[in-house]
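Here's the structure we're looking at; comments come further down.
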Amino acid sequence: MAAQSYDVIVIGAGPGGYVAAIRAAQLGLKTCVVEREHLGGICLNWGCIPTKALLRSSEVFHLMERAKDFGLKADNIGYDLDAVVKRSRGVAKQLSSGIGHLMKKNKIDVVMGAATLPAKGKVSVKTDKGTQELTAKNIVLATGARARELPGLEADGDLVWTYKHALDPVRMPKKLLVIGSGAIGIEFASFYNTLGADTTVVEVMDRVLPVEDAEISAFAKKAFVKQGMKIMEKAMVKQLDRAPSKSGGKVTAHIEVGGKVETQEFDTVISAVGIVGNVEGLGLEALGVKIDRTHVVTDEYCRTGVDGLYAIGDIAGAPWLAHKASHEGVMVAELIAGKHAHAVKPESIAGCTYCHPQVASVGYTEAKAKELGYDIKVGRFPFIGNGKAIALGEAEGMIKTIFDAKTGELLGAHMVGAEVTEMIQGYVVGRQLETTEEDLMNTVFPHPTLSEMMHESVLDAYGRVIHM
């Protein structure tokens, strides 16, 4: 049987791949998507979306516990973990099936199976029914990434979990150890801690949420500790000794901190120590694709250096964010279609973490801006000075803005507090439009809103803050 031929074949149907396919189809290119597991990838099925559903449940639970603060009564508050998980899985399923509809609507062929690239412009897919051969002038790699496993700390799904086990837990942890305090680790720590797990977070760097601005990290840490979390920074889990569940299920963690190794017992461990790209088994090396530490090396337009072969999203390196993958997908589709494409700039991509309190940021941290040689002006505004925040009962938080003192360019914005993941977009748009402090100061923000704090933070950078 002759190989089926396309203009574009996308390998992987996560937020990078399926978006690339839709944009390619919109531009009139004959498009095929190959996916080995789930449409929507990790993000929709086992990542961004289901974790937000879980965190929403824990947020509502936390509010119910605070009912008295709002003049309300709620007695015998509890939760059903199975029902919480069931809701989360339902949300993921609904969205995943939605991707199937989008593929049909855009007349994109979907081939379910594992792909290899036997030669340039060729894709071989191992499906349930055998092997299917496809050809295309343009191939987009969007195979994503998976959890990094450290030797001796491997997940077993019983006592030691990855994010997947944590999303569909076999039990409610009583004493939980979370290894790693990036977005994934801290979100799970937040979820289980809110539901009553005695939670310890171990971070190898000198602070939690290490990619965030130092001031924001410190603020978040204070909030986590107040909620009962134990945070161990500059610490490393060297070894896990496991006693299987049949005998009660215990893990003894050997944690090195301050040059000494101490042991602590837990019933559950979640490992969230980063990710590795899914680069194996595709035949990339034979094609001449350069791979550096499990990630495909690309230029700013996601080109691999092999003619007609692109790599987008997590497989192409940091920042490992769904929205970065989607934008790269659109850019590559437009490039293939001969349109004028705009490269995705990493520093213009916002990061959002849905712990309690939420954390969001875009652009440079204060330390990075200084390191790059900028003369800076920094503004801050606390939630306690905002009427809406107080009315919501969410008076803990802060917004910080960093400007170039010479040009007034907004170099970075960093937030911690209620709903900051929704607010950060205001600054993202501002940076995209190359706004200056003057534009932001002259913008009328609606009242009463949390977004007014964004205005005040800018005013503060220039000694003009009103409400503080």
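When you scan segment 212-225, do you find a residue that is over 19 Å from the mean Cα position of the chain (by Cα) and assigned to a loop (DSSP other than H, G, I, E, B), even just one?
No, there is no match, as no residue in segment 212-225 is over 19 Å from the mean Cα position of the chain (by Cα) and assigned to a loop (DSSP other than H, G, I, E, B).
Enumerate the pairs (first residue in segment 120-149 and farther than 26 Å from Ile275 by Cα; second residue anywhere and among the charged types (D, E, K, R) and not in a strand (DSSP E or B)) with beta-carbon separation below 8 Å, excluding pairs fewer than 6 apart on the same chain, so at least 6 apart or on different chains.
Partner pairs satisfying both residue conditions: Lys120/Asp307.
List the number of the failed condition for Val306; all other conditions in (1) part of a loop (DSSP other than H, G, I, E, B); (2) within 30 Å of Thr200 (Cα to Cα); (3) among the hydrophobic types (A, V, I, L, M, F, W, C); (4) over 21 Å from the mean Cα position of the chain (by Cα) hold.
Status for Val306: all satisfied but (2).
Quick one: would you say His414 is modelled with pLDDT of 95 or more and in contact with a strand residue (DSSP E or B) (Cβ under 6 Å, 6 or more places away or on another chain)?
So His414 passes the test.
Quick one: which residue in Ile216, Ile315 is closer than 30 Å to Val378 by Cα, of a type in the set (Val, Ile, Thr), crowded, with 21+ Cβ neighbours inside 10 Å and out of contact with any Pro (no Cβ under 9 Å at 6 or more places or on another chain)?
Matching residue, one of Ile216, Ile315: Ile216.
A quick yes/no check of all residues on (1) out of contact with any strand residue (DSSP E or B) (no Cβ under 7 Å at 6 or more places or on another chain); (2) farther than 20 Å from Ala316 by Cα:
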position: Ile11; (1), (2): no, no
position: Gly28; (1), (2): yes, yes
position: Thr31; (1), (2): no, yes
position: Leu44; (1), (2): yes, no
position: Cys48; (1), (2): yes, no
position: Arg56; (1), (2): yes, yes
position: Val60; (1), (2): yes, yes
position: Glu65; (1), (2): yes, yes
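Under 8 Å between Cβ atoms, at least 6 apart or on separate chains: pull out the pairs that start in segment 281-305 with a residue that is touching a residue at least 60 places away in the same chain (Cβ under 8 Å) and end on any residue that is outside any strand (DSSP E or B) and among the hydroxyl-bearing types (Ser, Thr, Tyr).
Listed by first residue and then by second, the contacts come to Leu282/Thr143; Val296/Thr304; Thr304/Thr298.
Among the residues of segment 279-293, is there at least one that is among the basic types (Lys, Arg) and modelled with pLDDT under 95?
Scanning segment 279-293, I find at least one residue that is among the basic types (Lys, Arg) and modelled with pLDDT under 95, so the answer is yes.
Can you tell which of Val19, Val111, Val33, Val60 is over 21 Å from the mean Cα position of the chain (by Cα) and either aromatic (Phe, Trp, Tyr) or crowded, with 23+ Cβ neighbours inside 10 Å (or both)?
After ruling out the rest, the residue left standing is Val33.
Please specify each residue of segment 198-213 satisfying the condition of being closer than 12 Å to Lys174 by Cβ and surrounded by 24 or more Cβ atoms within 10 Å (Cβ to Cβ).
If the condition is that a residue be closer than 12 Å to Lys174 by Cβ and surrounded by 24 or more Cβ atoms within 10 Å (Cβ to Cβ), then Thr199 is the only one that fits.
Looking for something open to solvent by less than 40 Å² (accessible area, probe 1.4 Å), within 30 Å of Thr116 (Cβ to Cβ) and either in contact with a Ser or Thr (Cβ under 6 Å, 6 or more places away or on another chain) or in a helix (DSSP H, G or I) (or both) - is there at least one such residue anywhere in segment 73-93?
Yes: one or more hits.
Test each condition in (1) within 28 Å of Ile11 (Cβ to Cβ); (2) in contact (Cβ under 8 Å) with a residue 40 or more places away in the chain for Phe219 and report the one that comes out false.
Every condition holds for Phe219 apart from (1).
Being open to solvent by 70 Å² or more (accessible area, probe 1.4 Å) and assigned to a strand (DSSP E or B) narrows it down to one residue among Lys400, Lys368, Lys377; which is it?
One residue alone meets the criteria, Lys377.
The values are calculated or read from the model by the stated rules, or taken from the named source; none is laboratory data. All values reported here derive from a predicted model rather than from experimental measurement. With ideal geometry, Cβ positions are generated from the backbone for all residues, glycine too; neighbour counts draw on all protein chains shown. Remember, those area values only see protein heavy atoms, side chains included, never the ligands or the DNA or RNA. Shrake-Rupley method; radii C 1.70, N 1.55, O 1.52, S 1.80 Å.
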